[in-house]
1. Got a sec? Which of Gly522, Gly527, Gly534 is at pLDDT 85 or above, buried (at least 24 other Cβ atoms within 10 Å of the Cβ) and within 30 Å of Leu469 (Cβ to Cβ)?
2. For residues in the range 184-198 being among the hydrophobic types (A, V, I, L, M, F, W, C) and touching an Asp or Glu at 6+ places or on another chain (Cβ under 9 Å), which is most open to solvent (accessible area, probe 1.4 Å)?
3. Condition (residue is β-branched (Val, Ile, Thr), open to solvent by less than 90 Å² (accessible area, probe 1.4 Å) and under 57 Å from the mean Cα position of the chain (by Cα)) applied to the range 160-170: is it met by at least one residue?
4. Count, please, the residues in the range 537-551 that happen to be part of a helix (DSSP H, G or I) and over 18 Å from the mean Cα position of the chain (by Cα).
5. Which of the residues that make up the range 659-697 are at pLDDT 80 or above, hydrophobic (A, V, I, L, M, F, W, C) and in a loop (DSSP other than H, G, I, E, B)?
6. Just give me the residues in the range 713-761 being small (Gly, Ala, Ser) and either within 21 Å of Met533 (Cα to Cα) or in a strand (DSSP E or B) (or both), in sequence order.
7. Would you mind stating whether Leu350 is assigned to a helix (DSSP H, G or I) and touching a residue at least 12 places away in the same chain (Cβ under 8 Å)?
Amino acid sequence: MASRNQNRAPRSPFTKKSSADEVPVDKRRRIETRKTDAQGSMGRPRPPLSVRQEAAPTSDIGSTEGSECASVEFTKEEVEALLNEKLKVKKFDHKGKADQLADYTKRLKLCIKWFQQVEEGHILEEEKLRNALSCAEQKCTNTEVEMKNKVDELNAASSKLREDIATLEKKVAKEESEKLDAITSHRREKEARDAAEKLQASLSVELEKVREEKLVAEQRVASSEDLYNRAQEYNKSLQQYNSKLQSDLETTTESLKRVEDEKRTVVETLSNSRGHNKALQDQLTSLKASLDDALKQKESLVNELKCLRGELQQVRDDRVRHVREIQDLKDEVVKYKEYTGKSCAELDTLTRKSKAVEERCSSQRMQIDTLKHELEAANEKLKMADLSASETRTEFEENKRIVRELQDRLAEAELQILEGENLRKKLHNTILELKGNIRVFCRVRPLLPDDGNTTEAPVISYPTSTETLGRGIDLVQSGQKYPFTFDKVFHHETSQQDVFVEISQLVQSALDGYKVCIFAYGQTGSGKTYTMMGRPDAPDQKGLIPRSLEQIFQASQSLQAQGWKYRMQASMLEIYNENIRDLLCTSRSSGADLSRTENGVCGKQYTIKHDANGNTHVSDLTIVDVCSIKEISSLLQQAGNSRSVGKTQMNEQSSRSHFVFTLRISGMNENTEQQVQGVLNLIDLAGSERLSRSGATGERLKETQAINKSLSSLSDVIFSLAKKEDHVPFRNSKLTYLLQPCLGGDSKTLMVVNISPDASSVGESLCSLRFAARVNACEIGIPRRQTTTTRPPSDSRLSYG
């Protein structure tokens with residue numbers, strides 16, 4: 001592993017497709033005039049594993065190429081021409097093709113050597129600028145510290161002076177306010193004394209009037225009492241007269257009763273004494289007349305009694321009102337006597353206070369004069385402090401300007417380094433394509449709340465050296481560190497968008513007519529499905545599959561202006577327990593759970609076939625023509641609902657199958673009659689498991705055994721490819737047989753290895769990283785673009801090549 005990392009040039013994921021057809025002939029000639037026959041100083045090409053130890057170093061050639069490269073310089077146009085140069089050889093002239101490739105590789109190495117020298121110069125310049133900047137910053141820091149100290153001292157002195165001034169001003173204001181209050185109170189006391197004297201005089205006059213009114217009121221009260229006594233006597237006489245009338249009325253009533261009795265007696269004896277009838281009638285008439293007179297006299301007496309009672313009530317009301325007025329006058333007299341006594345006492349007190357205030361005013365005038373002199377001296381000191389602070393501020397602004405200039409120079413140098421890094425990545429990706437290696441990215445998922453003890457020391461770290469920055473990862477197990485280097489390493493804080501940016505150019509190659517395969521590998525629960533699918537309902541958490549398809553459709557629409565028209569066909573399948581299942585099959589046969597039949601979702605037998613062109617087909621697989629990202633999203637949701645998912649002790653939603661999404665792209669340019677056929681394979685592998693940790697039993701145990709068997713077959717294939725063996729066991733598993741064009745053909749292949757930062761998973765993480773390193777060392781051939789000049793017949797089958 002270490003020897004491989006030392007001999008390889010740094011990798012970069014920013015790979016752009018080489019368009020060799022667009023390179024002008026004059027630029028190619030300019031570069032060919034500069035080429036040499038010496039081998040590049042970046043190191044000899046890596047031979048196969050079986051013959052790597054037999055290769056001998058060529059020190060003479062290295063010294064020769066070093067001297068030649070020192071005298072060769074490249075421009076940006078020359079580098080672009082060199083990268084876009086197209087090799088022209090005859091169809092079966094393999095020797096000529098090999099010579100041209102060797103010559104092209106030598107020129108690339110010379111260019112890389114020149115770029116490394118330029119980069120070293122940039123690095124030295126950057127170090128110089130950083131040193132100068134650090135010195136300037138140190139000087140600026142020291143100056144700032146001194147300035148701050150001076151400013152603090154001046155501020156302290158100024159604040160102290162301001163506090164003294166404020167204290168003195170407060171004292172002066174307080175004394176003046178007290179003086180004004182004393183003067184005001186004296187004036188008010190004088191006015192109050194004058195008003196009290198006037199009020200005393202007016203009250204004396206009013207008191208005389210009140211006394212006179214009191215005499216009149218007393219006379220009226222005496223007359224009212226006399227009238228009241230007479231009214232009471234008259235009332236008594238009326239009551240006596242009333243009682244007499246009542247006794248007469250009772251006597252009359254009794255006599256009337258007697259008369260009636262007599263009448264009855266007369267009626268009874270009428271028959272016996274007719275002679276006496278007339279006399280009795282006359283007597284009765286007189287009695288009735290006397291009775292009417294008595295009743296009339298009684299009514300007149302009652303009316304007179306009511307009038308006397310009303311007059312008596314009015315007299316009583318007048319007496320009560322007069323008594324109340326007399327009591328009010330007595331209360332006013334008492335209050336006036338009390339107020340007059342208090343006014344005299346207050347007048348004496350105010351006189352004494354006025355004398356004391358005049359004495360205090362004289363002493364405060366002297367204190368105010370003293371405080372004014374002290375205030376003038378403090379203002380002079382404050383002016384001197386402000387002048388010193390302005391000079392210090394001017395010096396500070398000058399130092400800040402120098403620091404900004406140094407920062408601008410540093411930013412410019414960093415921009416140049418970034419441009420050089422992008423150029424280095426492009427050259428590096430070109431060499432990788434010529435070598436035919438499988439690219440490997442590594443992604444570390446963040447720690448989750450269910451990951452046990454999070455207070456332990458982290459088992460994963462990232463080196464910060466220039467050579468391995470962003471490409472290296474260190475794993476610690478039992479105190480031993482295992483370093484690994486890949487094409488790109490994503491730490492746990494990397495977003496889905498950042499990961500997709502690194503593979504976007506690889507996805508673009510599918511539109512250009514290349515076969516592209518991207519698959520995720522790792523233990524269960526390491527984040528493979530999140531990397532590939534993400535959460536489609538959250539735009540910022542979409543995975544590589546939705547983002548890749550969005551880019552494909554957007555790019556195809558933008559190319560319509562250039563005359564390109566594309567036809568896209570999609571299919572989705574899963575390999576569950578070594579059986580292929582069509583995830584887009586809509587037909588159902590009778591049964592309780594058709595999605596879990598042994599021979600697929602639709603109960604069909606699916607077989608994998610390879611044709612002579614290196615394309616792979618799956619029989620009876622559902623293929624859907626897609627025209628928009630909305631249709632693709634609907635198909636992905638349908639496939640996700642049909643995919644086999646189960647619960648284990650390591651993962652709540654564990655994928656129990658290998659998921660394969662394939663997009664076949666057929667494009668034609670109506671202007672040039674050129675046709676391209678590209679294939680995009682996006683694969684989410686099931687996670688490797690250890691039975692001791694997953695606790696799988698029954699059906700889950702069978703699934704785990706099938707998953708581990710297929711992943712073991714994938715490992716055997718990688719070992720055979722790395723050793724350049726004649727026989728590669730692709731047929732040991734349906735997964736490896738389906739991926740045969742991606743692992744042993746002419747496609748652009750990328751593996752994303754996902755690992756968990758949990759300390760309890762360090763063993764599985766180490767196995768995954770070692771496997772990824774072996775994959776990164778495999779050479780599968782140079783990618784080949786599939787283009788034609790005539791329109792091919794339409795094919796409803798989908799290729800997995």
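1. Every option except Gly522 fails the conditions.
2. Ala192
3. Yes; the residues of the range 160-170 include at least one that is β-branched (Val, Ile, Thr), open to solvent by less than 90 Å² (accessible area, probe 1.4 Å) and under 57 Å from the mean Cα position of the chain (by Cα).
4. The qualifying residues number 8.
5. Result: Leu685, Ala686.
6. Ser756 - this is the single residue of the range 713-761 that is small (Gly, Ala, Ser) and either within 21 Å of Met533 (Cα to Cα) or in a strand (DSSP E or B) (or both).
7. Against the criterion (assigned to a helix (DSSP H, G or I) and touching a residue at least 12 places away in the same chain (Cβ under 8 Å)), Leu350 qualifies.
Yes/no matrix, rows are residues, columns are (1) at pLDDT 80 or above; (2) assigned by the TED database to the domain that holds Gly420; (3) out of contact with any Ser or Thr (no Cβ under 6 Å at 6 or more places or on another chain):
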site	(1), (2), (3)
Ser71	no, no, yes
Lys76	no, no, yes
Val79	yes, no, yes
Tyr104	yes, yes, yes
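The values are calculated or read from the model by the stated rules, or taken from the named source; none is laboratory data. What you are looking at is a predicted structure, and each value in this text was computed from that prediction instead of being measured. Cβ coordinates were reconstructed from backbone atoms using ideal geometry, including for glycine residues, and neighbour counts include every protein chain displayed. Side chains included, ligands, DNA and RNA excluded: accessible areas come from the protein's heavy atoms. Shrake-Rupley method; radii C 1.70, N 1.55, O 1.52, S 1.80 Å.
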